[in-house]
Amino acid sequence: MSDLDTFRTETRQWLEANCPPAMRTPPGEGEIVMSGSRMRFQSEDQRIWFERMRDKGWFAPDWPVEYGGGGLDGASTHVLETELSRLKCRPPQVNLGIWMIGPVLLEFGTPGQKQHFLPPTARGEMGWCQGFSEPNAGSDLASLKTAARIEGEEFVVTGSKIWTSGAQDADYMYALVRTATGGTKQQGISMVLIDMRAPGITVRPIDLISGKSHFCQVFFDDVRVPVTNLVGPLNEGWNVAKRLLQHERRAMSKFAELNMPGPNLVAVTQKFQGDAQGRIISPVLRDKVAALDMEAHVQRLTQQRIVEMAKARKDVFNVSATMKYQAAETEKKSMETMVAALGWQGLTWEDAGVAMDAREATKQWLASKALSIAGGSSEVQLNIIAKRVLGLPE
Ligand SMILES: Cc1cc2nc3c(=O)[nH]c(=O)nc-3n(C[C@H](O)[C@H](O)[C@H](O)COP(=O)(O)OP(=O)(O)OC[C@H]3O[C@@H](n4cnc5c(N)ncnc54)[C@H](O)[C@@H]3O)c2cc1C
């Protein structure tokens, strides 16, 4: 038996013995543990699963042991991920620090930064948010204006970031700031790590039309950040940011793996537009629902293939831009059809007469609007597909 086979057998046995059965079901709404110092568990099983995986170093299985990781090589990490998905284990926690800034610090960080930031992140004690977008810099990220001037041993940061997911609970933000002007807009950008408890930071949650919000606008009013928190060279943060965005694309496919349950197009349409046997009465609606259901099924299979390709360290950039566009558009069409099938119950969730699943479906329809914006808008994905996949001229 090879070492890898032995590792597979031992890992399978360990997971069977240590992953509580309740943690082998898809997480419900609000059941994902976002790790960090303000983390909350909703059940004893969540806590047990979190602590057992933390103690193995398996939140970050391929990070070196000295930084709190599992010290696994690529092949063993792949085995672990395969065994976790075979058993349908929930992720014990989610943290942008582990998925995005951690790998960037391993590559670009100073020894001091690695020692200070990586171990608490790998243990789930330090939560992170991403400070890239600004009110006038989203798709055109390099137009960002949040400024950082150097005073002695500190940066002094002024400006604002927007659409910052999870900023209200995060301990640190990895942020892009402008440290020089002149030259191209990509020049003069630097990446810094900002303590979210530093004086001068104001975090304001933004209400969404779907009724729940993990979004914030963050304001910086002369916020002091040690110069030792600069990641990579001064004024050359754009290259660091591009590497981080590569890790973000991989993380987006991990989100797809979370397999959240929710109102289902077929079930909702059968309930609200079906006959006594639950068959959809209108042939036009029936055809539409069947076509969308097949499209979604094909996408799930393709998504799974991309996840496997990414795990095998294959280049998934082109195919994931295509899938990101296609999946967002199909999901939005499905949600439109679902909410139309609800009739008047799709117009409000405040009326006491509205069924519980109709309320959830309506919220999901509103939340689906974000899919073609988050992680790069659909139009920007089409630009990428035109240039990088189809090879069309600028
Ligand atoms: C759920 C969600 C989570 C997010 N989390 C974060 C986060 O944690 N941190 C963070 O920094 N940001 C986050 N964002 C912000 C996200 O990255 C931006 O919203 C996104 O990049 C689009 O930028 P924008 O909103 O400024 O829109 P704009 O860039 O202003 O775009 C407006 C419209 O113009 C179109 N457009 C823009 N440029 C082009 C072009 N060249 N060609 C054709 N059409 C174009 C866009 O497609 C869009 O329809 C999040 C967004 C969402 C929805």
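Considering only segment 310-323, I want to know if a residue exists there that is among the charged types (D, E, K, R), over 27 Å from the mean Cα position of the chain (by Cα) and assigned to a helix (DSSP H, G or I). Walk me through it before giving the result.
Keep residues of segment 310-323 that are among the charged types (D, E, K, R), which gives 311, 313-315.
Pick out the ones that are also over 27 Å from the mean Cα position of the chain (by Cα) and you get none.
Checked against the condition, which is being among the charged types (D, E, K, R), over 27 Å from the mean Cα position of the chain (by Cα) and assigned to a helix (DSSP H, G or I), segment 310-323 yields no hits at all.
Looking at segment 115-128, is at least one residue under 26 Å from Pro205 (Cα atoms), in contact (Cβ under 8 Å) with a residue 24 or more places away in the chain and within 15 Å of the ligand (Cβ to nearest atom)?
Taking every residue of segment 115-128 in turn, at least one turns out to be under 26 Å from Pro205 (Cα atoms), in contact (Cβ under 8 Å) with a residue 24 or more places away in the chain and within 15 Å of the ligand (Cβ to nearest atom).
For segment 360-380, name all the residues that are out of contact with any helix residue (DSSP H, G or I) (no Cβ under 8 Å at 6 or more places or on another chain) and either more than 16 Å from the ligand (Cβ to nearest atom) or within 24 Å of Ala267 (Cβ to Cβ) (or both).
Our first condition is that a residue be out of contact with any helix residue (DSSP H, G or I) (no Cβ under 8 Å at 6 or more places or on another chain); within segment 360-380, this holds for 360, 363, 366-367, 370, 373-374, 377, 379-380.
Residues satisfying the conditions are Glu360, Lys363, Leu366, Ala367, Ala370.
Which number in (1) within 16 Å of the ligand (Cβ to nearest atom); (2) buried (at least 17 other Cβ atoms within 10 Å of the Cβ) marks the one condition that Asn383 misses?
Here Asn383 clears every test but (2).
Find the residue count for segment 194-215, including only residues that are in contact with a strand residue (DSSP E or B) (Cβ under 9 Å, 6 or more places away or on another chain) and hydroxyl-bearing (Ser, Thr, Tyr).
Residues meeting the conditions: 2.
In this structure, does Leu72 turn out to be of a type in the set (A, V, I, L, M), surrounded by 17 or more Cβ atoms within 10 Å (Cβ to Cβ) and touching a residue at least 12 places away in the same chain (Cβ under 8 Å)?
For Leu72, the condition - of a type in the set (A, V, I, L, M), surrounded by 17 or more Cβ atoms within 10 Å (Cβ to Cβ) and touching a residue at least 12 places away in the same chain (Cβ under 8 Å) - is not met.
Could you tell me whether any residue of segment 199-207 is within 21 Å of the chain's Cα centre (by Cα), surrounded by 23 or more Cβ atoms within 10 Å (Cβ to Cβ), of a type in the set (A, V, I, L, M) and within 13 Å of the ligand (Cβ to nearest atom)?
From segment 199-207, those within 21 Å of the chain's Cα centre (by Cα) are 203-207; that's our starting set.
Still in the list and also surrounded by 23 or more Cβ atoms within 10 Å (Cβ to Cβ): none.
No, that holds for no residue.
Hey, could you check segment 179-198 for residues that are among the aliphatic types (A, V, I, L, M) and more than 29 Å from Glu29 (Cα to Cα) and say which is surrounded by the most Cβ atoms within 10 Å (Cβ to Cβ)?
Only one residue fits best here, namely Met191.
Which one of the conditions (1) in a helix (DSSP H, G or I); (2) at pLDDT 85 or above does Ala276 fail to meet, given that it meets all the rest?
Failing condition for Ala276: (1).
Quick check, is Ala291 in contact (Cβ under 8 Å) with a residue 24 or more places away in the chain and part of a helix (DSSP H, G or I)?
Here the answer is no, as Ala291 does not meet what is asked.
Scanning segment 210-233 for residues that are more than 22 Å from the chain's Cα centre (by Cα) and either charged (D, E, K, R) or surrounded by fewer than 17 Cβ atoms within 10 Å (Cβ to Cβ) (or both), which turns out nearest to the ligand (Cβ to nearest atom)?
Asp221
Given (1) surrounded by fewer than 14 Cβ atoms within 10 Å (Cβ to Cβ); (2) away from the ligand (no atom under 16 Å from the Cβ); (3) in a loop (DSSP other than H, G, I, E, B), identify the lone condition not met by Pro393.
(2)
Look at segment 93-113 and say how many of its residues are more than 23 Å from Val157 (Cβ to Cβ) and away from the ligand (no atom under 16 Å from the Cβ).
5
Give Ser143, Ser139, Ser133 a once-over and let me know the one that is touching a strand residue (DSSP E or B) at 6+ places or on another chain (Cβ under 6 Å) and not assigned by TED's automatic domain parsing to the domain that holds Gly57.
Of Ser143, Ser139, Ser133, the one residue that is touching a strand residue (DSSP E or B) at 6+ places or on another chain (Cβ under 6 Å) and not assigned by TED's automatic domain parsing to the domain that holds Gly57 is Ser143.
Name the residues in segment 279-324 that are closer than 30 Å to Arg243 by Cα, in contact with a Gly (Cβ under 9 Å, 6 or more places away or on another chain) and modelled with pLDDT of 80 or more, would you?
Answer for segment 279-324, where residues must be closer than 30 Å to Arg243 by Cα, in contact with a Gly (Cβ under 9 Å, 6 or more places away or on another chain) and modelled with pLDDT of 80 or more: just Lys324.
The values are calculated or read from the model by the stated rules, or taken from the named source; none is laboratory data. Keep in mind that this is a model prediction, so the values were computed, not measured. Note that we place each Cβ from the backbone using ideal geometry, even for glycine, and neighbour counts take in every protein chain shown.
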